[in-house]
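J.: Next up is a structure, given as structure tokens.
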Amino acid sequence: RRWQSSLPQLDHVDRSDVESGGEIDWDNLGFGLTPTDYMYVMRSSPEDLGAFPRGELCRYGNIELSPSSGVLNYAQGLFEGMKAYRRPGRAGYTLFRPEENARRMQFGAERMCMPAPSVDQFVNAVKETVLANRRWVPPQGKGALYLRPLLMGSGPILGLAPAPEYTFLIYAAPVGNYFKEGLAPINLVVDDEFHRAMPGGTGGVKTIANYAPVLKAQMDAKSKGFTDVLYLDSVHKRYLEEVSSCNVFVVKGGVVATPATKGTILPGITRKSVIELARDRGYKVEERLISIDDLIDADEVFCTGTAVVVAPVSAVTYQGRRHEFRTGPDTVSQELYTTLTSIQMGLAEDNKGWTVAV
Ligand code: COI
């Protein structure tokens, strides 16, 4: 019997929705979940031979999953994170390098033995989700509509094996700053007990299975007043990997460095963009092993990610000692934040072809 989940279906999407989101307090968005109107859903069954034949917009709501679905039992799942900004002075919205998210999902799907949507299917689905939820895109300067594409083994399976059916889904939520500090610098702690990833594991793909394991370290850190955790490599316990939800960079004497992505580190799209922008602006950028001693010796430390954007780090505590770093207006991180966000928000000319209009 073919497994089928039930979803709230739509006859059509009313594209004449009002342009602004109801009761929302745009000045205090943060990164909480505000449910929006529609989500995009597409399925791949065994007879589809690894393709996703057709997707559609549905009312945002709960989905039904078999208790024995691959994602619930064996964490066969991936997610992505993307943002749509309202374009200044013009109608429409801007996405940032959405085809990179599509390709990263394809790469992760190969590792997790799942079929993935084509790049065109992925990008079109994102555009449809933005348009259907356009009243939830925050006003210019107040935040973005965060898109969360998911790919999961939704079909039932009991023995450990790939699921027989897959679901691709995108939902959206308006967001502001990720950290409670807002745009102010964050304060990290290095955890040398817990690790995020291991060589040969899945640290380099955006599987859902990489995220729940950091919750314990993150909760402990927050209870002690830290913003988040910086993880070290699991073999030598000496080299920087990443922070729970973002990549990390150090700056020393005008040289910008970030851990090389060799399988344990997520290849962030913001990371990749910041590397290119820093090189354009004349900085030497190194992707290499960065030891904890290099970090302690750095002038500046900052994090990058879709949700966090570019977040300056004011202090890192390692083995009980607090190390402080430069933050503020004349820093490399501030320069890169402004350069990146100006492109993302449509305030500066995009001569790289990174933005996609919706
Ligand atoms: C993102 O930055 O979009 C992510 O996917 C990280 C997530 C933990 C918020």
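Derivation of every value follows stated rules applied to the coordinates shown; laboratory data play no part. Since this is a predicted model, take the numbers as computed values, not measurements. Note that each Cβ is placed from the backbone with ideal geometry, even for glycine, and that neighbours are counted across all protein chains shown.
J.: Starting from the Cα gyration tensor of region 219-346, multiply each eigenvalue by 5, take the square root, and state the resulting semi-axes largest first in whole Å.
T.: The equivalent ellipsoid of region 219-346 has semi-axes of 22, 16, 15 Å.
J.: Still on this structure, please answer the following. Using the alpha-carbon centroid of each, what span in Å lies between region 75-150 and region 237-267?
T.: 25
J.: Got the relative contact order for region 145-190 handy, in percent, Cα pairs under 8 Å and 6 or more residues apart? It would help to have the intermediate numbers written out before the result.
T.: Numbers: 52 pairs, mean separation 16.7, N = 46.
Contact order relative to length: 36 percent.
J.: For region 119-208, compute Rh as the Kirkwood radius over C-alpha pairs and then the Stokes-Einstein diffusion coefficient at 4 °C and 1.567 mPa s; write the answer in µm²/s, rounded to an integer.
T.: 76
J.: For the chain, what is the mean residue ellipticity at 222 nm derived from helices alone (per DSSP H run of n ≥ 4: -39500 (n - 2.57); sum divided by total residues; nearest 500 deg cm²/dmol)? Show your work: numbers first, answer last.
T.: Values: 7 runs with 72 residues, N = 358.
One gets -6000 deg cm²/dmol as the mean residue ellipticity at 222 nm.
J.: So how far apart, in nm, are the two label points at residue 279 and residue 91 if each is 7 Å from Cα heading toward Cβ?
T.: Inter-label distance under the simple model: 3.9 nm.
J.: Let me ask something else about it. Among 256, 175, 232, whose Cα lies farthest out toward the positive end of the dipole of region 174-296, if unit charges sit on the beta carbon of Lys, Arg (+1) and Asp, Glu (-1)?
T.: Positive-end residue among those listed: 175.
J.: State to the nearest 20 debye the size of the charge dipole of region 157-275 about its Cα centre, where the only charges are +1 on K and R beta carbons and -1 on D and E beta carbons.
T.: Taking the Cα centre of region 157-275 as origin, the dipole is about 240 debye.
J.: Among 39, 140, 89, whose Cα sits farthest toward the positive end of the charge dipole of the chain (+1 at Cβ of Lys/Arg, -1 at Cβ of Asp/Glu, about the Cα centre)?
T.: Towards the positive end, the residue furthest out is 39.
J.: Would you mind calculating the relative contact order of the chain from Cα pairs under 8 angstrom and at least 6 residues apart, reporting the percent as a whole number?
T.: On the way: 776 pairs, mean separation 64.7, N = 358.
Value for the chain: 18 percent.
J.: Taking 35 Å as R0, compute the FRET efficiency from the Cβ-Cβ separation of residue 341 and residue 260 and round it to 0.05.
T.: Working from the Cβ atoms, E equals 0.85.
J.: Here's a follow-up. How far apart, in nm, are two points set 7 Å out from the Cα along the Cα-to-Cβ line at residue 51 and at residue 193?
T.: 5.2
J.: Right, next: Would you work out the charge dipole size for the chain about its Cα centre, treating the Cβ of every Lys and Arg as +1 and the Cβ of every Asp and Glu as -1, and quote it to the nearest 20 debye?
T.: That gives the chain a dipole magnitude of about 220 debye.
J.: When N counts the residues of the chain, how does its alpha-carbon radius of gyration compare numerically with 2.2 N^0.38 Å, as a ratio?
T.: Details: Rg = 20.5 Å, N = 358, 2.2 N^0.38 = 20.6 Å.
Expressed relative to 2.2 N^0.38 Å, the Cα Rg reads 1.00.
J.: Let me ask something else about it. What list of ³J(HN,Hα) values in whole Hz, one per residue of region 179-195 in order, does the Karplus curve 6.51 cos²θ - 1.76 cosθ + 1.60 (θ = phi - 60°) give from phi, with Gly and Pro shown as x?
T.: Residue by residue, region 179-195 yields 8, 5, 5, x, 8, 6, x, 9, 10, 9, 10, 8, 9, 9, 9, 8, 10 Hz.
J.: Separate question: Sorting 195, 236, 323 on the 10 Å Cβ count, fewest up front, what's the list?
T.: Values: 195 20, 236 10, 323 17.
With the fewest neighbours first, 195, 236, 323 line up as 236, 323, 195.
J.: Let me ask you something else. Under 14 Å from the Cβ of residue 307, count the other residues' Cβ atoms, weight Lys and Arg +1, Asp and Glu -1, and hand me the total. Please list the in-between numbers first.
T.: Details: positive: 83, 148, 180, 206, 271; negative: 80, 181, 228, 242.
After counting each charged neighbour, the total is +1.
J.: Full-extension gain between residue 215 and residue 111, please, as 0.36 nm times their residue separation minus the C-alpha to C-alpha distance.
T.: So the chain would gain 35.1 nm between residue 215 and residue 111.
J.: Could you work out how much longer the chain between residue 161 and residue 297 gets when fully extended? Use 0.36 nm per residue separation minus the Cα distance between them, nm to one decimal.
T.: Gain in length upon complete extension: 44.3 nm.
J.: Pull out the extension gain between residue 272 and residue 351, defined as 0.36 nm times the separation in residues minus the alpha carbon to alpha carbon distance; nm, one decimal.
T.: 26.8 nm
J.: Let me ask something additional. For 136, 26, what's the fewest-to-most ordering of other Cβ within 10 Å of each Cβ?
T.: 26, 136
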